Amino acid sequence: MLTDRQQLILAAIIYEYTQTARAVGSKTLHDQLNLEFSPATIRNEMSFLEEAELIKKLHTSAGRIPSKAGYRYYLDHLMVADQVSDQDVALIAQQIRGNFHELDDLLGQTARRLADMTGLTALVLKPKAVNLKISSFQLIQLERQQVLAVLATSDGKVTSQTFRLPKEMTVSSLTDMVAYINAQMVGRPVQEVLSLMNSEELPVTLSRNVESPAAFLQLFGEVLARSVEEQVHIGGRLNLLEVADDAYLNLKEARSVLELFDSPEAVRQLAVTQKQSVTIRLGQELPTPLLQDYAILAAPFSVGGDDGGVIALVGPIRMPYAKIARLLSTFAKALDTKLLEYV
């Protein structure tokens, strides 16, 4: 554990480096930050911090910059997280207001707004749709044997997919099936209906009520499965390309990073959350070398009783963590409030 003076100097180095992106020397700490210690004392303490691998020297400067271990020490022991006020939450909720027909529209706008306010890359994943229910299902005839299957769910999302019917089948021949789905399946959870299809209970039930071509079951099952697919809402994609030393990733690495964040499974592994708090992981704490120069801040949110929503920010390790964590927490709480409208 560091002494109070060592902690103060480490925090001062992190603050100055965050503001300027330049290595920090003892004279800067003494003159500009008004530390009450002599430059010689500051140099001695900086030598100790360097030996402890909490700061490091750049070859091009006599000053020091924080190491990843130094940032972690700061996050664990020194950073003071500001409390989020109800006024701040209400202000953010007002900024993402609107008559959204789909929950995904709201989350997409939230990601873009958060990215604009921070200059970082924002990621949003809604909770896994445990209680998502079917609202309606219909088939719309297009050209020749093509039909558009349209499924509406309780979160306001409309999933559609185009299919080509077999030559011997017409849309009118499927009218009874569509009517049966709307009479018997509306209001039931999507996952429950998918389980019925996988257990063959639904095909058997359908065969007792209507003439049941296998093609219809495949059509209905595919659009049903698509309705619960996860989607990552990303704001500020290009912000992701800036790293801590203000250089840029090469194109191959950039493409790999962007592809990584298109995967909901990958985002859930990277953006780990804890209940009612902001979780911060950086560099080697992240499970991929692609992000060794990045930090990820993540916070949870919920839709009604469905937990598992994730809102996260990705940026360089050199960032004002207290400010960013407070803003992220505010957005998460604003989403909790706003999403009550979708329950």
* Putting +1 on Lys and Arg Cβ atoms and -1 on Asp and Glu Cβ atoms, find which of P320, Q284, V171 reaches farthest to the positive end of the dipole of the chain. => P320
* Hey, could you pull the Cα Rg and Dmax for segment 1-104, both in Å? -> 19.1, 63
* Loop trypsin sites (Lys or Arg not before Pro), segment 67-146 (other Cβ atoms within 10 Å of the site Cβ: 16 or fewer; DSSP) -> R97, K128, R144
* Structure fact -> HN-Hα couplings for segment 170-176 via Karplus (6.51, -1.76, 1.60; θ = phi - 60°), in whole Hz with x for Gly/Pro, come out as 10, 4, 4, 6, 9, 4, 4
* Within the set K126/K252; K157/K323; K252/K323; K157/K333; K252/K333; K128/K167, which residue pairs have Cα atoms separated by over 26 Å? -> K126/K252; K157/K323; K252/K323; K252/K333; K128/K167
* Percentage, to the nearest whole number, of Cα pairs in segment 1-48 over 16 Å apart -> 27 percent
* Please calculate the 1.4 Å probe accessible area of T3, with all protein chains present, and give it to the nearest 10 Å². => 70 Å²
* Carbon plus sulfur fraction of accessible area for segment 1-76, probe 1.4 Å, in percent -> 47 percent
* **Average Cα contact separation per residue, the chain, under 8 Å, 6 or more apart, as relative contact order %** => 19 percent
* Which net charge results for the neighbourhood of L123, defined as the other residues with beta-carbon distances under 11 angstrom from its beta-carbon, given Lys and Arg at +1 and Asp and Glu at -1? -> +1
* By the scheme Lys and Arg +1, Asp and Glu -1, what is the net charge of all other residues having a beta-carbon under 10 Å from that of R326? -> -1
* For V24, residues with placed amide H under 5 Å, excluding near neighbours -> R64, I65
* What does the convex hull of the Cα atoms come to per residue for the chain, in Å³? -> 162 Å³
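The values are calculated or read from the model by the stated rules, or taken from the named source; none is laboratory data. These numbers come from a predicted model, not from an experiment. Ideal geometry is used to build each Cβ from the backbone, glycine not excepted, and the neighbour counts take in all protein chains shown. Keep in mind that these areas ignore ligands, DNA and RNA; they rest on the heavy atoms of the full protein, side chains included. Shrake-Rupley method; radii C 1.70, N 1.55, O 1.52, S 1.80 Å.
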